[in-house]
Amino acid sequence: MRLKSSPLLVGFSLAVLFAAFVMGTIYLTMFWATDRSDRAAIVRQDRLVELAVSKMQASIAHDQESATVWDDAVERVTAHDRDWLDANLGRWMHSYFGHDQAFIVGPDDRLVYGFSIDQADETRAYVAVSGAAQELIGPLRKRLAANDTSGVTDHTLSIGEVDVFRISDRPAIVSVKPIMSDTGNIIQAAGREYLHVAVRYLDGDFATSLGQEYFFKDMRFAMSAGDNPLLRSFPVSSKSGVVIGYFTWRPFRPGHMALRATEPILTVGCAIILCAATGLVFALQRRSRRLRESQSELLRLAHHDPLSGLPNRAAFTAMVSKTLANCDATILFLDLDRFKQVNDTLGHAVGDRLICHVAQRLCATAKTALMVSRMGGDEFTMIVPGTDLAAIERLAESLIGAIRQPFDIDGQPIAIGLSIGIAFSADGSSDGIDVLRRADIALYQAKATGRNRFVIFGAQMDQMMKARRELEYDLRSALKDRCQIEVHYQPIFGAREGQLLGVEALARWRHPTKGFVQPDVFIQIAEEAGLITQLGEQVLTIALADAVSWPGLSLSVNASALELRDEDYGRRVGDIIDRFSFDPTQLEIEITESAILEDEAACRDNIEVLRGRGVQFALDDFGTGFSSFGRMQKLDVDRIKIDRCFVEGCGTVGSNEAIVQAMINLAHAQGMRATAEGIETDVQRNRLRELGCDALQGFLLSRPVGSDKIGDIYRQAEEKRVAAWR
Ligand code: C2E
Ligand code: CA
Ligand code: CA
């Protein structure tokens, strides 16, 4: 479970990391941009505060001018008219301009008049202010005495001094202006003018109204900068650079606000990216899981035979190597007998189902097997632990017994056999491939020596296989030589009159060192080595060359099913017939059931082409194949050759004469003729004659002979016939 979920967890974590990375990058970029805009905004706000303070200083001085540059004021102040002064330069200044205090000092800097919003005693009020006022009065009088008019314009009517101070621990703007004639008609001694001192405290409502005017949030005045990170502090300094306090406010931070405003969008974006990344990761995970599944399915298919579901050759060889690396074991190589005929006569679908049934029976019987596999076709293998001879023999017998029981496929009973080759790893080889090869050799031996049996590998078999390979090599060069293959002819006689009807050409191989090699041996080698076409051609050429000198006799030649499958067969045979100007109707080609029932179109086409030219066809070894009599009706041949095994018992008690009789009757009913093969006794000859057989062939009548003997045999047969007539 842990193993299964961890890739998902890793995937999910990756998705989160990816989303975090993307969002982090976006957030940091935005944060950087907004922070920069915030800083710029704060610098602007600082400037604004600075400007507001200096504007306030200028505006207080300007306020003072409205009443200090005035002839009446000069006269009244000189006259110390306190009521007038109160109404125009004191209280009025407070009520009209909001100044907190106003004082007037005489030429000797002594207080003449004072007004204070929160202090009734003007002298005491001035004591608190006088220090600061004096700092301004001194320089102002000097400037007045020096007639310094710098700064005086159309809007600024008189010179003055203004600065910020801390008065009784309160920040304040103090501005001093001379009281002067506006018309110039009243002359005062320069530097000895009455002076008007205006005081405006910066804490309290000043800071609040400044905040309201310039949209500063929570604007206050504080003595120290404070350490609240959310508040901005801007120092208010006097001209000499003394910090008298700080304006503090909650700064307007547009970037921060924008960031806050985009936060929900960012959050949603983050969630979307997270979802998308997670979805992507899950999709990728799903894909890779599917890929893994299809890979394991491919792996399973690569190691299993799709038809039977058994492990295949690759799986078996791997199993053999693995097993033999650790312990001794026995390998059984199994091959079905007559499976090919089932396939050919009943069709591949039935063949496939038979394979499945066989696989089930093998598995059910070989319970001790480590693995039962299908190597392909009708070949199976088994690996069994241990090398106990008796146990293996018992297993082999029970396997053969199990397969011998007829199979029931769609109500049709099918009987097949099983041949087994067995090899033990203890034979001195633990190489799996080698043990498998030995089992295969033993199987070959089992098949060659009669089928439906098992053979245990012996050392002599290796020798046998070697000999077989040598023979194949020799056959190849024999065919190249074109002088080692000879043809003998076995005469075929009329059953009733005993006249010579024709001959069957039988191939002989005169091996340079081994003498005559029998066709039972070399025909199979030729088929397996792909030499059968060449061999067939040589035999036909020799036979036709001989037979042209036997007019009136038919010539039978054997053709392998493999030859008939070759698309070119019909044309080639036709060419050879033409080459010898042979009468095609005198040629009879003997084929086996499997060839004629072959589903392949090439077989049918070849037969059709040659029959079209008049060539006859005979069904060889009739009765040994799989054709039911019903199917025989479909066969497109001119003759059947009843196999020797049916002829053997003819004329004796308990023989299968009834079958032979049925075969002959059926052949005649189809317009075919019947030849009996392997007549060895007079009893057989007479009986087959009675059963209505058309032609006879066998050692009793003549063994296969060289071409030079055929003339004599023909003459002898004719003489006998004539004698019989007489
Ligand atoms: P087959 O076509 O059934 O040929 C008859 C075989 O039975 C011949 O064996 C023949 O010698 C043997 N025979 C004939 N009469 C008797 C008898 O009374 N008793 C016994 N015991 N045997 C008898 P052969 O010549 O050894 O041929 C064996 C098989 O080899 C043939 O069986 C045929 O299937 C195959 N064969 C021979 N020549 C050729 C060939 O040129 N081409 C192909 N494709 N197959 C051939
Ligand atoms: Ca034959
Ligand atoms: Ca035959």
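For this structure, a couple of remarks:
- Restricting region 629-651 to residues that are assigned to a loop (DSSP other than H, G, I, E, B) and modelled with pLDDT under 85, the residue that is nearest to ligand 1 (Cβ to nearest atom): LEU635
- For region 698-712, the set of residues classified as closer than 16 Å to ALA543 by Cβ and out of contact with any Leu (no Cβ under 6 Å at 6 or more places or on another chain) consists of VAL705, GLY706, SER707, ASP708, LYS709, ILE710, GLY711, listed by residue number.
- For region 506-521, filtered to residues that are in contact with a strand residue (DSSP E or B) (Cβ under 9 Å, 6 or more places away or on another chain) and open to solvent by less than 50 Å² (accessible area, probe 1.4 Å), the residue that is farthest from ligand 1 (Cβ to nearest atom) is HIS511.
- Restricting attention to region 667-692 and to residues that are open to solvent by 70 Å² or more (accessible area, probe 1.4 Å) and in a loop (DSSP other than H, G, I, E, B), the residue that is farthest from ligand 1 (Cβ to nearest atom) turns out to be GLN670.
- Listed by first and then second residue, the pairs linking a residue in region 369-397 that is at pLDDT below 95 and polar (S, T, N, Q) to a residue that is surrounded by fewer than 24 Cβ atoms within 10 Å (Cβ to Cβ) and not in a strand (DSSP E or B), with Cβ atoms under 8 Å apart and 6 or more places separating them unless they lie on different chains, are THR387/ASP328; THR387/SER425; THR387/ALA426.
- Pairs where the first residue, in region 122-140, is under 16 Å from TYR201 (Cβ atoms) and the second is of a type in the set (Ser, Thr, Tyr) and part of a helix (DSSP H, G or I), C-beta under 8 Å, 6+ apart: ALA133/TYR126
- Every residue from region 156-176 that is of a type outside the set (Val, Ile, Thr) and either assigned to a helix (DSSP H, G or I) or more than 20 Å from TYR194 (Cβ to Cβ) (or both): ASP163, PHE165, ARG166, SER168, ASP169, ARG170, PRO171, ALA172
- Scanning region 522-552 for residues being hydrophobic (A, V, I, L, M, F, W, C), away from ligand 3 (no atom under 16 Å from the Cβ) and open to solvent by 10 Å² or more (accessible area, probe 1.4 Å) gives a total of 7.
- Close pairs from region 254-279: first of a type in the set (S, T, N, Q), partner open to solvent by less than 60 Å² (accessible area, probe 1.4 Å), Cβ under 7 Å, at least 6 apart: THR262/MET30; THR278/ALA15
- Residue match in region 444-457 (condition: part of a strand (DSSP E or B), farther than 14 Å from PHE522 by Cα and open to solvent by less than 20 Å² (accessible area, probe 1.4 Å)): yes
- Meeting the requirement of 1 or more residues that are in contact with a Ser or Thr (Cβ under 7 Å, 6 or more places away or on another chain), the helices (runs of 4 or more DSSP H) wholly within region 62-155 are 71-78, 122-145.
- Subset tally (residues that are surrounded by 13 or more Cβ atoms within 10 Å (Cβ to Cβ), within 16 Å of ligand 3 (Cβ to nearest atom) and charged (D, E, K, R)) for region 693-726: 1
- PHE626 being under 60 Å from the mean Cα position of the chain (by Cα), under 22 Å from GLU590 (Cα atoms) and either surrounded by 13 or more Cβ atoms within 10 Å (Cβ to Cβ) or modelled with pLDDT under 90 (or both): yes
- Among (1) more than 45 Å from the chain's Cα centre (by Cα); (2) part of a strand (DSSP E or B); (3) not basic (Lys, Arg) - the single one ALA423 does not satisfy: (1)
- Subset of region 553-569 [in contact (Cβ under 8 Å) with a residue 12 or more places away in the chain and either more than 8 Å from ligand 1 (Cβ to nearest atom) or outside the structural domain of ALA602 (by TED's automatic domain parsing) (or both)]: LEU553, SER554, LEU555, SER556, ALA561, LEU562, LEU564, ARG565, ASP566, GLU567, TYR569
- Pairs, first at pLDDT below 90 and open to solvent by less than 20 Å² (accessible area, probe 1.4 Å) in region 583-612, second more than 15 Å from ligand 1 (Cβ to nearest atom) and β-branched (Val, Ile, Thr), C-beta under 8 Å, six or more apart: GLU593/THR345
The values are calculated or read from the model by the stated rules, or taken from the named source; none is laboratory data. Model, not experiment: these values are computed from the prediction. Every residue, glycine among them, receives a Cβ derived from its backbone with ideal geometry; neighbour counts consider all protein chains shown. Surface accessibility is based on the protein's heavy atoms, side chains included, excluding ligands, DNA and RNA. Shrake-Rupley method; radii C 1.70, N 1.55, O 1.52, S 1.80 Å.
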